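Engineer: Take this structure, written in structure tokens, and hold onto it; I'll ask about it next.
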Amino acid sequence: MTVLMTSEMPGLTRDGYDHLAAALLPTLQSADGFIAHAAGPVEGGFRVTELWESEDAHTTWFTAHVVPTLPADAPPPAITFRPIVNVATR
């Protein structure tokens, strides 16, 4: 089932996001199960929102690619998933 993943990243700045995005977006775009990515600043950090074909597809990619790039002293992102029953694109 398609899921909407939301990741709250406290303390992450635009520069920090840009650094992570430069390293991760190429692998994200070719990841099995990936559909779409959007990100933007929120109070106190950054929020990443993505559509995935399944929670397992996201978790597999996140564990392999994101976890190793996070600074050791960074708080872990708070990740939530919601089921999606319809996706329309332009």
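Engineer: Please state which one of GLU50, GLU8, GLU55 is touching a Pro at 6+ places or on another chain (Cβ under 7 Å) and acidic (Asp, Glu).
Structural biologist: The conditions single out GLU8.
Engineer: Condition test on ARG82, is it surrounded by fewer than 16 Cβ atoms within 10 Å (Cβ to Cβ) and basic (Lys, Arg)?
Structural biologist: yes
Engineer: Quick one: ALA74 ticks every box in (1) modelled with pLDDT under 90; (2) of a type in the set (Gly, Ala, Ser); (3) exposed (fewer than 11 other Cβ atoms within 10 Å of the Cβ) bar one, so which box is it?
Structural biologist: The single condition ALA74 does not satisfy is (3).
Engineer: Go through the range 24-55 and count every residue that is under 10 Å from the mean Cα position of the chain (by Cα) and over 17 Å from THR2 (Cα atoms).
Structural biologist: Looking only at that region, the number is 4.
Engineer: For the chain, which strands (runs of 3 or more DSSP E) that fit wholly inside it have 1 or more residues that are at negative phi and in contact (Cβ under 8 Å) with a residue 60 or more places away in the chain?
Structural biologist: Result: 3-10, 78-83.
The values are calculated or read from the model by the stated rules, or taken from the named source; none is laboratory data. Everything numeric here is computed off the predicted structure, so don't read it as measured data. Reconstructed Cβ throughout: ideal geometry from the backbone, glycine too, with neighbour counts over all protein chains shown.
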